[in-house]
Amino acid sequence: MATLDSTERAKIALAAGDTIRISTTGQCTVQGLSGAPATTTTLTSNSQDFGPYGVSAVLLVQNVSGRTDYSLNNATYPLNSTEKRAFDSLVSAHGIAGGAGKRGVAQVGQSNERSGARNWAGPGSVATDVTFDGLGLADPIAPSVSALGSVIPHLHARLRNRGWSLQWRNCAVGGSSFIKQWAGQATQWAANAAFFGQRASLGTGDAGDYGDVIVDSGRVFRCKVGRPRYATNASGVAIPSGSGATNIDYIITPTATQVTGATKPAAFATAAVNDDIVDNTITWTCVATSVGSMAAFKVLRSGDFGFDPLGLLARTKTNLDAISGVSERWVFMANGQSDAQASLANQPTIRSWYKQAVESMVDYFVAQGYRVALGFTCFSPNYTVFADPTYPDQFATLQLAINDALTVTYAGNASVIAGGDLYDYWGRTPPTYPEPPATSIVGANAPHLLASAYPEYAQVWADALAASGKW
């Protein structure tokens, strides 16, 4: 016998000769999805047998109040794990509802993890299913605002078929860098250079911007006035001087002109905490008169000035913690394209920086009590759009950084496993689509996967998770 509490639902598959008895102490509804009459029956403080229907059938049972019990062929024995996987799939509005052995999952990454980044009407543009298998799992999956179709419905189905009960949060942000925008990185002063400035929140869904951090003259400075940068917004307030968007989860850097001067301000050397220093059209605030663990080009960790500058890690935590009734919370991480655009000739440097960024994020998540599956996104075959001939080698170098973290730093760590590696699967010819000519990205292929590639993407991840022994 299985039980539904609160507002849980169960999708129940019956063989041709099966009968199921459904009993409720409050109220429940029973709807025929296939094989059974396409009607809805409401039970109130009673029980009723459903079936046999003479053909395979699927019923959807929704608990409304009280408790609802159901047993196949009137059996009252506890279900073993195999029967549970075959018989009992509890679902909620964005996946499967909570309870013992059930998991919450947050998706973290960039545009290919978030969804198809642009609507494209060309070949291969068939959208990911808006609802998958009648379960009501639909894009956009909060807090994402993109309805273009993501991998989540496909991956959800594969994991559900293995018996997992899941609730999802899509926290990926298009165009985001693990180094620059998720963990954050301190830099140093440079002449005639652009820096991003401190920015207050626009409102709901926007954490504002801490501003760039530099280490110079034995001190730590925060960019108080600089160029604007946005990553998430659901406030209804349009982004100033930007696209006019009011609802985003992708990086926007509106056109701006703020730059430092030709020479470093002498006041850097004597600044006290909270002193403001005007530097041409940039303004700096001194936040520390000793550097401590801070250093120029340090990839930031929890507790550092400027860590999580756009609030993306905090946003993930808020959304994952909001999932109730689960025994474990997981983060699925995959990224790469944005960090491979760093235009660095020094491959060991980008390998080290990316490893540090990944570990900063993983350690933050593990400290919250989460588990992490660390994967890698797909290559961009038209890398010339980034004006960077080193891109192919850099992308491969980032994969090495992921392997460094998994095989050295987290070797034997039960909280960290390998996720899917799309670069390993597709190499340098993933199924991406041509960008429309009107965009700034022009070429035969661009960074974004065809929607029709998402089932393969999901299978790569499902196989990697199964191989870990934890899924």
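Just give me the residues in the range 234-249 being buried (at least 18 other Cβ atoms within 10 Å of the Cβ) and either without any contact (Cβ under 8 Å) to a residue 12 or more places away in the chain or more than 20 Å from the chain's Cα centre (by Cα) (or both), in sequence order.
Of the residues in the range 234-249, the ones buried (at least 18 other Cβ atoms within 10 Å of the Cβ) are 239, 248-249.
Result: Ile239, single match.
Look at the range 12-38 and say how many of its residues are within 38 Å of the chain's Cα centre (by Cα) and over 12 Å from Val58 (Cα atoms). Show your work before the answer.
The initial filter retains those residues of the range 12-38 that are within 38 Å of the chain's Cα centre (by Cα), namely 12-15, 22, 24, 26-36, 38.
This time we only want the ones that are over 12 Å from Val58 (Cα atoms), so: 22, 24, 26-29.
Residues flagged as within 38 Å of the chain's Cα centre (by Cα) and over 12 Å from Val58 (Cα atoms) within the range 12-38 amount to 6.
Okay, residues lined up against (1) crowded, with 21+ Cβ neighbours inside 10 Å; (2) outside any helix (DSSP H, G or I); (3) in contact with an Asp or Glu (Cβ under 9 Å, 6 or more places away or on another chain); (4) free of Cβ contacts under 8 Å to residues at least 24 places away in the same chain:
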site	(1), (2), (3), (4)
Ala357	yes, no, yes, no
Val366	no, no, no, no
Val372	yes, yes, no, no
Gly375	yes, yes, yes, no
Cys378	yes, yes, no, no
Pro389	no, yes, no, yes
Ala396	no, no, no, no
Leu406	no, no, no, no
Gly420	yes, yes, yes, no
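Confirm whether Val61 is closer than 30 Å to Ser150 by Cβ, modelled with pLDDT of 85 or more and crowded, with 19+ Cβ neighbours inside 10 Å.
Details: closer than 30 Å to Ser150 by Cβ: yes; modelled with pLDDT of 85 or more: yes; crowded, with 19+ Cβ neighbours inside 10 Å: yes.
Taking the combined requirement at face value, the residue satisfies it.
Show me the strands (runs of 3 or more DSSP E) found entirely inside the range 141-233 where at least 1 residues are in contact (Cβ under 8 Å) with a residue 12 or more places away in the chain, among the β-branched types (Val, Ile, Thr) and touching a Phe, Trp or Tyr at 6+ places or on another chain (Cβ under 9 Å). First the steps, then the outcome.
Values: elements: 165-170, 213-216, 219-225, 230-233.
It comes to 213-216, 219-225, 230-233.
Considering only residues that are not hydroxyl-bearing (Ser, Thr, Tyr) and not in a loop (DSSP other than H, G, I, E, B), look in the range 438-455 and name the one that is modelled with the lowest pLDDT. It would help to see each step written out before you state the result.
First, pick out the residues of the range 438-455 that are not hydroxyl-bearing (Ser, Thr, Tyr): 438, 441-451, 453, 455.
Next, only the ones that are not in a loop (DSSP other than H, G, I, E, B) stay: 449, 451, 453, 455.
Numbers: Leu449: 86, Ala451: 76, Ala453: 84, Pro455: 85.
Per the criteria, the residue is Ala451.
Name the residue that is modelled with the lowest pLDDT, counting only residues in the range 307-350 that are small (Gly, Ala, Ser) and buried (at least 24 other Cβ atoms within 10 Å of the Cβ).
The first filter runs over the range 307-350 and keeps only residues small (Gly, Ala, Ser), leaving 311, 314, 322, 324-325, 327, 334, 336, 338, 340, 342-343, 345.
When the remaining residues are screened for being buried (at least 24 other Cβ atoms within 10 Å of the Cβ), the result is 334, 336, 338, 340.
Details: Ala334: 97, Gly336: 92, Ser338: 88, Ala340: 84.
Ranking the candidates gives Ala340 first.
Consider the range 250-275. How many of its residues are surrounded by 14 or more Cβ atoms within 10 Å (Cβ to Cβ) and either under 29 Å from Gly218 (Cα atoms) or among the small types (Gly, Ala, Ser) (or both)?
11
Within the range 225-266, take every residue that is touching a Gly at 6+ places or on another chain (Cβ under 7 Å) and hydrophobic (A, V, I, L, M, F, W, C) and give me the one that is nearest to Lys180 (Cα to Cα).
Here the residue is Ile251.
The values are calculated or read from the model by the stated rules, or taken from the named source; none is laboratory data. Predicted model only: the values in this text are computed from it and were never measured. Reconstructed Cβ throughout: ideal geometry from the backbone, glycine too, with neighbour counts over all protein chains shown.
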